[in-house]
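> I have a structure I would like to understand better, so I am pasting it below and will then ask my questions one at a time.
Laboratory data are not the source of any read-out in this text; all were calculated from the coordinates shown. Keep in mind it's a predicted model, so treat the numbers as computed, not measured. A quick note on method: Cβ atoms are made from the backbone with ideal geometry, for glycine too, and the neighbour counts reach across all protein chains shown.
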Amino acid sequence: MPTKAPIKKTPKKVTMDDLLRSQDEAWKAIRETQLAQKEIQQANREIQQANREIQKAHKETEKAIKETQKNIGGLNNTLGSIVEHLLTPGLPRKFRKLGYSFDRIATYKFAEGVYAQIDGMLENGAQAVAVEVKITLRQADIDEHLVRMEKIRKHADGYGDKRQFMGAMAATITDAATKNYALKQGLFVIEPSGDDVKVTKPAAEPRIW
């Protein structure tokens, strides 16, 4: 049986065009890589810029929070000054002119299931006036104090305190309608008057709790 002669493969001839084409493809790949690197660098710069803006916003937020806390602190100091001004040692003297004798002013915070905080309590052995202090007097403040007076009465009953309790609203700013509303509810109204304070008694007898 005759043997087949091996087939000889003729090597492909590399032409100049092939070299140039390969070179173009290589340069194209390099340019694409460089472009991708530039895009990555640009993305990194944008991320860094975003981080800087976030940090700036964070600092501005912290500054705003500090300013708010400072303002709240100032408001608390202002309210504290109002309390000190309106609930002065001269206040019992004002009530004495209205026929009430109080020998001390105290502050209370009732808890034990009947929470109520009292800015000032004029007291004697038989009577007490719970004073709520506000910068600006509003009808809602008056209604809240009426509820507070009920809590005070409940707390006193729980401890066998038989004193008569009355209520008063003290404010540096009020209007005639709101003041009249407080008086109609049987509450005293305490207001600044020059360097002193003025106490207005309800037209009818003060409400007793």
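> Of all beta bridges DSSP finds with both residues in the range 88-200, what is the antiparallel percent, to the nearest 5?
The antiparallel proportion sits near 55 percent.
> Rounded to the nearest 0.05, what FRET efficiency do Lys97 and Thr136 give with R0 = 30 Å and r taken as the Cβ-Cβ distance? Could you check?
Given R0 = 30 Å and the Cβ-Cβ separation, E is 0.70.
> Lysine pairs, Cα distance under 16 Å, 8 or more residues apart or cross-chain: how many in the range 88-200?
Close lysine pairs under the 16 Å cut-off: 9.
> Quick one: 3J(HN,Hα) in Hz for the range 145-161, Karplus 6.51/-1.76/1.60 with θ = phi - 60°, rounded, Gly and Pro as x.
Karplus-based 3J(HN,Hα) across the range 145-161 equals 5, 4, 5, 4, 4, 4, 5, 4, 4, 4, 5, 5, 4, x, 10, x, 7 Hz.
> Any idea how far apart Lys38 and Lys184 come out in nm if each label point goes 7 Å out from Cα toward Cβ?
For Lys38 paired with Lys184, the spin-label model returns 8.0 nm.
> Out of every Cα-Cα pair in the range 88-200, what percent are more than 19 Å apart?
Tail of the P(r) past 19 Å holds 43 percent of the pairs.
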